[in-house]
Amino acid sequence: QFPFGRRLPCDIYWHGVSFHDNDIFSGQVNKFPGMTEMVRKITLSRAVRTMQDLFPLEYNFYPRSWILPEEFPLFVAEVRMMKDSDPSWKPTFIVKPDGGCQGDGIYLIKDPSDIRLTGSIQSRPAVVQEYICKPLLVDKLKFDIRLYVLLKSLEPLEIYIAKDGLSRFCTEPYQEPTLKNLHQVFMHLTNYSLNIHSGNFIHSDNVNTGSKRTFSSILCRLSSRGADVKKLWSDIISLVIKTIIALTPELKVYYQSDIPAGKPGPTCFQILGFDILLMKNLKPMLLEVNANPSMRIEHEQELSPGVFENVPSPVDEEVKVAVIRDTLRLVDPQKKKRKDVQQHIESGKKEVNIRYNYLICYRCQTLEHVSEASEALLDAGPADRRECDGRSPEAGLPSLCLKQVFPKYAKQFNYLRLVDRVAALFIRFLGVKGTTKLGPTGFRTFIRNCKLSNSSFSMASVDILYIDITRRWNSMGIDHKESGMCLQAFVEAFFCLAQKKYKSLPLHEQVASLIDFCEYHLAVLDEKRLVCGRG
């Protein structure tokens, strides 16, 4: 442990909370710059909402959300409109403070007028969401799933999902929300940190019982009832990939700010905790993403009043040890060296085989020599194999619990990565390395280079668009450390330009068409510069 940081280089840095270390110039870090900010409730809701605007059906796994305080009037108006159109609709909403964790500050309401607006919401922004009233129950209890996801690389995008997770149970039998039971947190909130204080919480040595179980035990139970578990897993994989696609554009902006291209810096990876709720019809819904999921494999047990002891938790140990072990196996820097050695050996084998095929036509005596050489190469494993038994360092370990889902399923999801391409345009015109905001000159250069101004959209109109959108986003209290247009504001401006230019198309086709248009003109410009450079 290095509480004050470490200057000497090493292979892997395992940070406790977030990435903020400018002294790391090599190796790998277990945190991405900006990840903690990106998975906060408000930022996550905004990122998913952008994708819902483009692909509403593909992103229907996230509950309808409003951001407080700025969208409170919109929340009131939309709820009133929905109630007027369907008088039988009797919704419940859940209010979650933006920076809250472990269930802190969460409460349920039946009407927008019940929101506690006095002071706290102004100083502590929140997200209000439609509450999922019909969850899947097991033993009459509501539960959620904590799945561990490894984001191994951002560029190229590489995602792994753990084959098992945790199921965390409420401790009171579930009933649909009413005014009488709204405040019963042990019935409605699945947070482990809340339910552990319930008298009904059961610590179990068995992964199939108790208030915390393995997700695989739930799947076995569902399968025995005839549920389509393969489809459920497929839906969960889809949810995870789509959520990370929603987060990557802004993560890339943070990444180039902290680790500019062309400068020495570490590569990053990160374990994320996805909290997912299953509806009665087995549709998975995303509750939130945790940048720092707890990796504790023990719990406190009160031996006598005021005297506590840490006791191992078999459920946590079974799931979490495998996740950490296999993350380290996947990012192991020695693995690449072993792979390079193996490739060298494979090329040696090919060379021997070529020689073998060539010499077979000539001297029988040489055949024996080539054959022996080939066998020797086949037997000679990577240079760092254990000499004592000839096995690789991983030979005694279980198979990986982390399953690659991207780029494995990239073909199915690449069409969703439109905002990634918009972010690439944004980063190109940022200008100053290390910044995350686009200045007015950068925005004008983007418009000019992409040939987006014309007689009906003058540069004066460009300036007005920039000022209006930037001012509104800055008034929302988003990152006042530097002035300028943030990525979300640029995306809004880009959507606005796309709607003006391609009026008759659906939004995602408008945006895709404008991206193609911009990329074409920038490619032409780059080619001209290249020719001029050669000249």
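The values are calculated or read from the model by the stated rules, or taken from the named source; none is laboratory data. Owing to the predicted nature of the structure, the values given are computational and were not obtained by experimental measurement. Note: ideal-geometry Cβ built from the backbone for every residue, glycine included; neighbour counts use all protein chains shown. We work out accessible area using only protein heavy atoms, side chains counted, and drop any ligands, DNA or RNA first. Shrake-Rupley method; radii C 1.70, N 1.55, O 1.52, S 1.80 Å.
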*Breaking point among (1) more than 26 Å from the chain's Cα centre (by Cα); (2) surrounded by 14 or more Cβ atoms within 10 Å (Cβ to Cβ), for Phe490*: (1)
*Just wondering, is there one or more residues in segment 229-252 that are farther than 29 Å from Ile297 by Cα and not in a helix (DSSP H, G or I)?*
no
*State all residues of segment 288-318 that are open to solvent by 50 Å² or more (accessible area, probe 1.4 Å), within 27 Å of Ile244 (Cβ to Cβ) and not in a helix (DSSP H, G or I); if no residue qualifies, say none.*
Asn292, Ser294, Met295, Arg296, Ile297
*For Lys230, indicate whether it is over 26 Å from Asn195 (Cα atoms), of a type outside the set (Asp, Glu) and open to solvent by 50 Å² or more (accessible area, probe 1.4 Å).*
yes
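Can you tell me which residues in segment 497-520 are outside any helix (DSSP H, G or I) and of a type in the set (Ser, Thr, Tyr)?
Tyr502, Ser504
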*Exactly one of (1) of a type in the set (D, E, K, R); (2) open to solvent by 50 Å² or more (accessible area, probe 1.4 Å); (3) not in a helix (DSSP H, G or I) is unmet by Arg221. Its number?*
(3)
_Filter result (under 22 Å from the mean Cα position of the chain (by Cα) and of a type in the set (A, V, I, L, M)) within segment 133-147_ = Ile145, Leu147
